[in-house]
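The values are calculated or read from the model by the stated rules, or taken from the named source; none is laboratory data. If you're wondering where the values come from, they're calculated on a predicted model, not measured in any experiment. A quick note on method: Cβ atoms are made from the backbone with ideal geometry, for glycine too, and the neighbour counts reach across all protein chains shown.
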Amino acid sequence: MRREKKLTRRAYKQGAAMLMAALLCGCGAQKPWSFKTDYFGIQLNDKGYITSMKNITVKPYREFSPADKPSPLLSLYDSQSKVYYQPEQADYDKRAGIITLTYPQGQVAKVKLTPKDKYLKLTLQSLDNRGGVDAIQWGDYYTNIDNLLGEIIGVARDTSDAVNYAIGVLALDDNTIGGTADIEGDAPPFEYIIHTPDAKQWPLPSDLHEGQKFSLGGNGISDVAFYAHKEPYYRIMYGNAAQVDDKGRIFLNYQSRDRTKPRQVCYSLIPHMQANIPNHIDVEPLPGVDFIGSSIALLGSPDSTALMDVIQTVVKSEGLPYPTVRGKWIKDPAAYSPDAMTGQKYDSIIAYTKRLGFPAVHAYDQGFLRPDRATDGWLDEVDERRKPFKLASGRKSHKEFANMAAAEGLMLGRVCITNSLAPGTQDASPVPSDSLCSQQRRKLVRDLTPEDTLIYIDDPTYMEEIASWEGHCPNLNMIKIGKELIHYLGVSDKAPYRLLNVKRGYWGSSPTAHRSGDVVEKLQVTINYGYDGIIPNMALQDEIARLYAKIAKRSGLTLYDFDGQEFLFNNGHGYYSAKRFFHTLFDYAKQLGVPYIRFSGATLSEGSWHYQSVWNVGGGRNLYDVDTREWGSATSQGKDLRDVTYSNYYPVSFGGNFAIKDTSTVEQYEHIEAIAVGYGATYFMGINQDDVEKCPQKDQIFKTIRTWENARHANAFPRSIKKLLMKPEYNWRLKEWDDGNTWTLYRMENGSPCQEFTLHRAKGY
């Protein structure tokens, strides 16, 4: 009897242990583990790899995960050794929703996976035994989609009617950024790759292959000359959250870095060019910015509804930036809108802009707005004594003219140079701030008098490099010692090491005495051509972001054209820096009671995608030639920017374009608006008062543009109609009904209708 009891007791203990193990595993013994949303299903194997990604809205389910390319859920990266670690074992606790990943070097990561109705949320909760791991990477998530890659936000799209599906990744925190963990500078190198969106329509020549890389055009400075390849398979890259392999298959990745550690990077914004050789920077550590907590949304859905259904849901549910205009999310194609661009005469611009139905007036003649904290946001002094806006009724300050525009529901804007600290501004000169971004820090090894030009330093390493990551302009090559700026070019190649071609008291700073052992800071800078400036460190950059919010509040500017956004990358923190800048600006603006800031820029990044309304770079025939009906008749700029923006669910821009002149016709603007609605395009319409008044058809042109824009904002154009509007060979005419909710669209041939479509205001618009 005693033996029977002992056996029973042992069996009970074994059973309890097995039960506890099952509970700890969340009854997740069924492998591979499956997770799904309303539209998307994935499978994860016991090695920690995604082996299946399916469209579950069709029968049979369509598979998008290549059999030869399983996708690691989470990779680890050691930047010192330049080694990736892939998971080798996975366990799943269903009850807690925790995936435990084990790696070959003993690292153990815990990832929380939360299935939502329309996406899967993944969050890194911990990493034990992290060793030399200083970055993590979500993916590569491989797909068999070979159509459109959205490299800025990380999306693979098949827009065909037969497939109509998209798979994407969206970062849910600022320190999770697009791209792989091994990318220098955490920002994209601007370059071309070879990728055809349709191998049947545009087959690759025998001397090219998928994924092949090419330099941009020009001299590395002129942003028009960059665009040098009109062939459709030359795809310019403005990000790296989506890439292609040698078979043209699109894969996605996001990374997050431990930014608390010092590191050095060697980077060029525009590689492969003699004018833009990489140079070195010791990157500033940022306390408290680590990869633990990194989070993404993994999504799949029909492409036709991905933006407004799934991505919008992610953005709203996860508290990501959600700017709205006229009550609509700025990413809603129905919210896309041109703006008016003017200069010199301002008497009629508000009336013109209101008639057109545009939201903003861009004061293009005012030149660069340079961030100067000395203004404290008052561009025309506190008493508004400056009056830069000329009207027949008298000159107006920024605030006065902005108030005139606001009374008609319009915004006022200026072009600015983002974070470039220009000479003469508070933080640059004549007394430079101690919060500037430096590429290297060295030490003086001899005392200096105010007159000395022989500057001896302890270490010449990298001091011969001309500063900046773009252009490398010799006149901006400078060091800072104390409160003095000093220009130099070159360093001696033998000890004792000294700087060459020295100019003391640069940019109006005061030559002063310095002692041996004082710190010599080689400053990170911008480029020439009016952008001349010094890059701030991160803390000062935060203050510059808040300054723009103050300007919006105190001087009435609520449209910013942020030229030189790439300067946000120059501190070595890449996309994180850009995300932090705009997050800080918009948060502080909200604190100040500024309801909306509309902004455009000459580039687009994963850091600005959520906030930026318009892409504004160049214009005229470089972007869209209304006469030849060609995307970029002079360069490939139009084609390049069209493909980037369209792939990333973002409005393409025609730039500054389509000015009304005495020869302008209604037919031209019917075509412009049709292409704009079809592709989801915006533009800055050049409006010169004298030219407008000389145009015989001005009133009809105003009415035509307003009709199209009213229908656009009513979301009256279904997907099938937009595809027709994209065809440049077609001619159109749009008529608005008296009810304001209905439109008749005519396709025209030889001046007469050949097709007719009735359009209606969409529900909720």
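Points worth noting:
- Here Thr704 does not fit the description of being without any contact (Cβ under 8 Å) to a residue 24 or more places away in the chain and either closer than 22 Å to Tyr611 by Cα or not charged (D, E, K, R) (or both).
- The set of residues from the stretch 686-704 being at pLDDT 95 or above and closer than 23 Å to Gly638 by Cβ comprises Ile701, Thr704.
- The set of residues in the stretch 188-242 that are surrounded by fewer than 21 Cβ atoms within 10 Å (Cβ to Cβ), charged (D, E, K, R) and not in a loop (DSSP other than H, G, I, E, B) comprises Glu191, Lys213.
- Residue identified as closer than 17 Å to Ser420 by Cβ and either in contact (Cβ under 8 Å) with a residue 60 or more places away in the chain or surrounded by 14 or more Cβ atoms within 10 Å (Cβ to Cβ) (or both) among Gly471, Gly482, Gly490: Gly471
- Residue within the stretch 732-746 that is at pLDDT 95 or above and either assigned to a helix (DSSP H, G or I) or within 23 Å of Gln637 (Cα to Cα) (or both) present: no
- Unique match (being within 27 Å of Tyr254 (Cβ to Cβ) and surrounded by fewer than 24 Cβ atoms within 10 Å (Cβ to Cβ)) among Gln565, Gln524, Gln541, Gln591: Gln565
- Qualifying positions in the stretch 213-238 - at positive phi and either outside the structural domain of Arg157 (by TED's automatic domain parsing) or under 19 Å from the mean Cα position of the chain (by Cα) (or both): none
- The stretch 613-634, subset polar (S, T, N, Q) and in contact (Cβ under 8 Å) with a residue 40 or more places away in the chain, residue nearest to Thr313 (Cα to Cα): Ser613
- So Tyr488, is it over 35 Å from the mean Cα position of the chain (by Cα) and hydroxyl-bearing (Ser, Thr, Tyr): no
- Among residues of the stretch 155-187, those that are in contact with a helix residue (DSSP H, G or I) (Cβ under 9 Å, 6 or more places away or on another chain), of a type in the set (A, V, I, L, M), within 30 Å of Lys722 (Cα to Cα) and outside any strand (DSSP E or B), counted: 1
- Pairs are defined by a Cβ separation below 6 Å, a sequence spacing of at least 6 or placement on different chains, a first member in the stretch 541-564 that is more than 9 Å from Gly377 (Cβ to Cβ) and in contact (Cβ under 8 Å) with a residue 12 or more places away in the chain, and a second member that is assigned to a strand (DSSP E or B) and polar (S, T, N, Q); the pairs so defined are Asp561/Ser600.
- When Val325 is tested against (1) more than 22 Å from Thr584 (Cα to Cα); (2) touching a residue at least 12 places away in the same chain (Cβ under 8 Å), exactly one condition is not met: (1).
- The C-beta contact set for the stretch 513-532 (first residue under 18 Å from Asn219 (Cβ atoms), second residue surrounded by 14 or more Cβ atoms within 10 Å (Cβ to Cβ) and among the acidic types (Asp, Glu), distance under 6 angstrom, 6+ apart or interchain) comprises Ile527/Glu470.
- Matching residues in the stretch 184-229 - criterion: being under 21 Å from Ala275 (Cα atoms), out of contact with any Phe, Trp or Tyr (no Cβ under 6 Å at 6 or more places or on another chain) and among the hydrophobic types (A, V, I, L, M, F, W, C): Phe190, Ile193, Ile221, Val224, Ala225, Phe226, Ala228
- Selection of the stretch 635-661 for residues being free of Cβ contacts under 8 Å to residues at least 40 places away in the same chain and assigned to a loop (DSSP other than H, G, I, E, B) yields Phe658, Ala659, Lys661.
- Comparison of Asp376, Asp452, Asp459 shows that the only residue that is at pLDDT 95 or above and either assigned by TED's automatic domain parsing to the domain that holds Ile597 or closer than 26 Å to Leu585 by Cα (or both) is Asp376.
- Cross-chain or 6+ apart pairs with Cβ under 8 Å, the stretch 179-201 first and outside the structural domain of Arg259 (by TED's automatic domain parsing), then modelled with pLDDT under 95: none
- Residues within the stretch 86-112 that are buried (at least 21 other Cβ atoms within 10 Å of the Cβ) and either part of a strand (DSSP E or B) or not assigned by TED's automatic domain parsing to the domain that holds Asn55 (or both), tallied: 6
- Qualifying positions in the stretch 371-396 - outside any helix (DSSP H, G or I), out of contact with any strand residue (DSSP E or B) (no Cβ under 6 Å at 6 or more places or on another chain) and in contact (Cβ under 8 Å) with a residue 24 or more places away in the chain: Pro371, Asp372, Asp376, Gly377, Trp378, Leu379, Asp380, Lys390, Leu391, Ala392, Ser393
- Any hit, the stretch 411-433, residues being in the same structural domain as Lys579 (by TED's automatic domain parsing), among the aliphatic types (A, V, I, L, M), surrounded by fewer than 20 Cβ atoms within 10 Å (Cβ to Cβ) and under 24 Å from Trp615 (Cα atoms): no
- Hits in the stretch 708-731 - residues which are of a type outside the set (Asp, Glu) and part of a helix (DSSP H, G or I): Trp708, Asn710, Ala711, Arg712, His713, Arg719, Ser720, Ile721, Lys722, Lys723, Leu724, Leu725
- Selection from the stretch 415-467 of residues that are in a strand (DSSP E or B) and of a type in the set (Val, Ile, Thr): Val415, Ile455, Ile457
- The strands (runs of 3 or more DSSP E) located wholly in the stretch 273-348 that include 3 or more residues which are at pLDDT 95 or above, among the small types (Gly, Ala, Ser) and crowded, with 16+ Cβ neighbours inside 10 Å occupy 295-301.
- If the condition is being closer than 24 Å to Thr176 by Cβ and surrounded by fewer than 17 Cβ atoms within 10 Å (Cβ to Cβ), then the stretch 52-83 contributes Gln80, Ser81, Lys82, Val83.
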